[in-house]
Each structure stands twice: as C-alpha cells, then as structure tokens.
Amino acid sequence: MPHLTTDDGVKLYYDDTGKGIPIVFVHEFAGDVRSWEQQVRHFSKYYRCITFNARGYPPSDVPKDQEKYSQERARDDIRSVLDALKIEKAHIVGLSMGGFAALHFGFTYGDRARSIVVAGCGYGAAPGERAKFAEEAEASAKRFEELTMKKAAEGYALGPTRVQHQNKDPRGWREFADQLAEHSTEGAAFTMRGVQKRRPSLFDLVDKMKTITVPTLIMTGDEDWPCLEPGILMKKNIPTASLVVMGNCGHNINLEEPALFNMHLSELFQAADAGAWPKRDPRAMAGTILGR
C-alpha cells in the first residue's frame, strides 16, 4: 500500500494510475480516493491520475494534534504529493474541501499548476454565514464523536445539498454514504475543527484571487446553494476563471453527473495544455451595461 511523507512527517496514502501529463485529484470532506474512481477510470487512459487520502483519512495517518489540521496544511499536502512523486506541474482538481485546498494552492504555488479546478467550493464563505457555519462545524464534530462516524454518516450524507444525488442515483449515493461511514471518527472530528471550521472566508480573499494566472475552472451544482454566490465571486475576481453551473445538481457533482463533469475537465485540460485557455479581456468588466 503506497504512502508518501509530507514535510511535517505525516504519511499519506496515494494511488497512481496511468501515464502522461499528471492530474492530482483532491477529495472533499465526505470523500476519499474512492470518490474519484469515475474520473480516474476515464482520464487514466490519457493522463497520469493521482489520488490521495488527506491526513485524518486512513490508511493515511491520523495525527493526534489538532494543530496538524488546517487550511494551510491541506494546501501544502498537495505540494508534498507533487514533491514526493517528483512532479513539477500538474492539473489540480479539488471538490469542496479539496476545492478550497486547490484554490489556496493556486494562491501560493500557482507555478506548480497546469490548471486548477475549484468545484463545490463555498460552504461558510458568505460574510453573514461565518458564525453559523462555525457553529454547525463544531456541532458536526461533536456528533461524530458522540455517535461515531459509522452512525453519523447517514445523516451527514443526507444534507440539503446531498439529497439530489440520492434522488438521481440511489445506488451511487448508497455507495457514497457507506464509504463515508468507514471514515475515522477521530480524523473526521479533527478535520472538521481544524480545516473546515477555521478556514478563511472566500470574501476575504478577493485580492489573492486577482493574482491567479493559471487556467481555472469553477464548478458548482445549481442546487448547491452555499456555493453559487461564492462561485460568481471567484469568476469575477480570478481573471483566468471560467464558471460552469451544472443543472439539477447538488454538491456531489463528480458523482451525480460524472460524464458531464469529465467533459468539462477535458475541455480545460486540452485548452490549458495547448496554451489556448483565455484570460479575461478587461473590457468585459466595464461599468456600463450596453456599452458606449
């Protein structure tokens, strides 16, 4: 079972499939390497696909120190994956918690990215929702500890932006929920408190967004309500961003509509690798509606 070691000594489990230009997939809070199976099966025919379990997600290490979990660590763990596998640059694809990590990777290590996909990113980002989100994150962490992940997973998998997946693909949703139930109770609580609860609001990161120059794809489901406004915020402020809103979808967009999700990724990868991904024309941001 392959593991790599991060710069702070944490061992991360990873999977490396295929050959060619590398893609690193970064999973969401409720996922792990298995969440990307439908992407790996598709893209490993043409690319080198790398998935890894975040710290706190066995068979990766579950550090016992709460300070080992943070947005910065999640960002730097992507860099550790590249360094350990001797990859100079890769396409970085993140969903939800992984989308936040991919975005922060773009802020700090943009020269290591061929492109960035920021999917399902925005929970707790709205200025008026920060306190509410922190309270819900803490309540979730306590629920995991009191019930254990095995019992708490069902309720978490039935959140208001997850039911779309259940309605559309009951069998796929059941697999997702069962895999979530196998996660570490301790690791989930550490991650919820250290990464989710404490990460900065996207609305406080606008200046950093404007510095991103790597091809960027923002993706969200149209019923993933916490991510719609943040998606527009990122589109407006990242000069190389494209925004895709997937119809009748919730949060699990790569699982709900894998073929459509993969198609959008393919378009990004091909354009980015060809040097054909556009940067926004400043005239598109003029203050007028009809022109002059």
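Nothing in this text is a laboratory measurement; each read-out follows from the coordinates by a stated rule. No experiment lies behind these values; they were computed from the predicted model shown. Cβ coordinates were reconstructed from backbone atoms using ideal geometry, including for glycine residues, and neighbour counts include every protein chain displayed.
Brief remarks follow.
- Summing Cβ point charges (Lys, Arg +1; Asp, Glu -1) relative to the Cα centre of segment 176-292 gives a dipole of roughly 860 debye.
- Whether segment 241-289 is rounded, prolate or oblate, judged on the alpha carbon gyration tensor where a/c under 1.5 counts as rounded: oblate
- Separation between Cα centres of segment 36-51 and segment 166-180, rounded to whole Å: 21 Å
- At R0 = 30 Å, FRET efficiency that the Cβ-Cβ distance of ARG280 and ARG130 yields, to 0.05: 0.55
- DSSP beta bridges in the chain [antiparallel fraction, %, rounded to 5]: 20 percent
- In terms of surrounding Cβ atoms within a 10 Å radius of their Cβ, SER140, SER96 rank from fewest to most as SER140, SER96.
- Under 17 Å from the Cα of LYS197 - lysines, other chains or at least 8 residues apart: LYS68, LYS132, LYS142
- Principal axis extents of the Cα atoms in segment 25-147, from largest to smallest and rounded to whole angstrom, are 43, 32, 27.
- Most mobile listed residue (GLU146, GLU257, GLU138) in the chain, GNM with C-alpha springs under 10 Å: GLU146
- Evaluated at q = 0.16, 0.24, 0.26 Å⁻¹: base-10 log I(q)/I(0), Debye formula over Cα of segment 2-77: -0.58, -1.11, -1.23
- Global geometry of segment 165-281, whether rounded, prolate or oblate, following the gyration tensor of its Cα atoms and the 1.5 cut on a/c: oblate
- The structure shown yields semi-axes √(5λ) of the Cα gyration tensor in Å, and of the options (i) 46, 20, 17; (ii) 30, 23, 17; (iii) 28, 22, 19 that calculated value carries the label (iii).
- Cα centroid separation - segment 190-226 against segment 57-86, whole Å: 18 Å
- For VAL26, the residues whose modelled amide H falls within less than 5 Å of its own, excluding neighbours fewer than 5 places apart on the same chain, are VAL93, GLY94, LEU95.
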